[in-house]
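Colleague: Please read through the structure below; I'll follow up with questions.
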Amino acid sequence: MGEGMGTCNHKWEMTDILYGYLVVEGCPRCGGRASFFSTEPVAPIDEYKEGDHFWIYLGSSQATKFNLKCTKCDDVVHLDDLMGLMMSTCEEPQCEVANIAKSEGKGTSVYVALCANSTHFSGKCISAKGIDALNKYFNQNIKTPGKKILVVPCSKCCDIDICKGIVIADVGLTDIY
Amino acid sequence: MKISEIAKKTGLKAINESEDKVIEGVYISDMASDIITNAKANVLLITLQTHKTLIAAANLIDVAAIVFVKGKKPGNDIIELANKVGIALFGTEDDTWTFASKLTRLGIQ
């Protein structure tokens with residue numbers, strides 16, 4: 001029996017790990033970006049209308065999805081909305097992520113948790129609980145003194161098309177040989 | 001065993017300068033998605049992959065050092081990024097199996 005969830009000093013581990021494709025779509029009408037995770041053998045390529053949007057396929061790459069589970073109390077944080085992680089390299093003065101990285105200093109690497117819809121029209125992004133668990137998970141395993149990983153939601157990006165970073169996805173695999 | 005000792009005994013060529021950490025394990029992968037779900041902190045990562053995403057994934061896990069096999073050379077932007085996050089980079093002409101065998105002979109599991 002684990003500790004009570006409310007008082008537990010969580011120790012997170014990855015669970016429900018899925019390997020598949022991160023498919024990115026764009027709406028030429030509003031400039032929005034949407035993405036979804038597919039476990040189909042081949043990444044689906046579709047064009048379709050959804051309300052005022054007309055989504056077209058922009059690209060895909062192999063990626064992974066996971067949830068986090070506490071090994072002490074069995075609490076599970078579902079990261080259904082997490083489409084990927086992007087290591088921020090943004091230096092735009094108006095970008096909150098860039099400013100966070102600047103204020104954190106040299107030992108901190110800032111990663112942006114990318115949600116399914118970069119336009120955030122619905123007001124939703126990765127949950128605060130999800131961001132908190134991601135931060136604890138990645139930092140609990142670090143062994144380098146003074147090193148810190150800071151995960152922030154993509155709602156803090158200046159603009160998903162301008163904000164600079166390296167998305168962790170399996171791009172460039174055809175170049176390795 | 002420290003990175004410098006492994007490098008000396010296996011003939012690795014240093015690509016950048018970094019802290020001489022103690023290696024606690026080895027992981028072989030060319031996929032960023034695999035690295036973030038399976039690699040552990042302070043491992044030596046052996047790979048063919050020289051894309052920037054590899055550094056982004058390795059840094060997230062706190063990988064100590066990366067060895068590029070078969071003479072693969074990362075670009076300057078990748079070396080700069082590795083320097084920024086403190087990941088040691090090495091190169092070898094060996095293929096993955098040959099280099100991994102050398103590590104096994106050194107007693108590294």
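Residues are listed down the side, and each one gets a yes or a no for (1) surrounded by 16 or more Cβ atoms within 10 Å (Cβ to Cβ); (2) in contact with a Phe, Trp or Tyr (Cβ under 9 Å, 6 or more places away or on another chain); (3) away from chain A (no Cβ under 12 Å):
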position: B:7; (1), (2), (3): yes, yes, yes
position: B:18; (1), (2), (3): yes, no, no
position: B:57; (1), (2), (3): yes, no, no
position: B:62; (1), (2), (3): yes, yes, no
position: B:74; (1), (2), (3): yes, yes, no
position: B:80; (1), (2), (3): no, no, no
position: B:105; (1), (2), (3): no, no, yes
position: B:108; (1), (2), (3): yes, no, yes
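Colleague: Here are the criteria: (1) closer than 21 Å to residue A:8 by Cα; (2) more than 23 Å from the chain's Cα centre (by Cα); (3) loosely packed, with under 15 Cβ neighbours inside 10 Å. Tell me which single one residue A:76 does not satisfy.
Modeller: Here residue A:76 clears every test but (2).
Colleague: Further question: Can you tell me which condition residue B:38 does not meet? The list is (1) of a type in the set (S, T, N, Q); (2) more than 13 Å from the chain's Cα centre (by Cα); (3) more than 19 Å from residue A:63 (Cα to Cα), and all the others hold.
Modeller: It fails just one condition, (3).
Colleague: For the stretch B:25-104, give me every one of the strands (runs of 3 or more DSSP E) that falls completely inside it and has 1 or more residues that are closer than 27 Å to residue A:68 by Cβ.
Modeller: Working: elements: B:25-28, B:43-47, B:65-68, B:88-91.
Ranges flagged: B:25-28, B:43-47, B:65-68.
Colleague: Is it the case, given these coordinates, that residue A:149 is aliphatic (A, V, I, L, M), within 14 Å of another protein chain (Cβ to nearest Cβ), in contact with a strand residue (DSSP E or B) (Cβ under 8 Å, 6 or more places away or on another chain) and in a loop (DSSP other than H, G, I, E, B)?
Modeller: Criteria not met by residue A:149.
Colleague: For the stretch A:98-128, name all the residues that are within 28 Å of residue A:50 (Cβ to Cβ), more than 14 Å from every other protein chain (Cβ to nearest Cβ) and either modelled with pLDDT of 95 or more or within 17 Å of the chain's Cα centre (by Cα) (or both). Outline the logic, then answer.
Modeller: Within the stretch A:98-128, the first condition is being within 28 Å of residue A:50 (Cβ to Cβ), and the residues that meet it are A:112-128.
So of that shortlist, the ones also more than 14 Å from every other protein chain (Cβ to nearest Cβ) come out as A:115-128.
Of everything in the stretch A:98-128, those that are within 28 Å of residue A:50 (Cβ to Cβ), more than 14 Å from every other protein chain (Cβ to nearest Cβ) and either modelled with pLDDT of 95 or more or within 17 Å of the chain's Cα centre (by Cα) (or both) turn out to be A:115, A:116, A:117, A:118, A:119, A:120, A:123, A:124, A:125, A:126, A:127, A:128.
Colleague: Can you name every residue in the stretch B:20-54 that is in contact with a Ser or Thr (Cβ under 6 Å, 6 or more places away or on another chain), within 11 Å of chain A (Cβ to nearest Cβ) and among the charged types (D, E, K, R)?
Modeller: B:30
The values are calculated or read from the model by the stated rules, or taken from the named source; none is laboratory data. These numbers come from a predicted model, not from an experiment. Quick reminder, even Gly has a Cβ in these numbers, built from the backbone with ideal geometry, and neighbours come from all protein chains shown.
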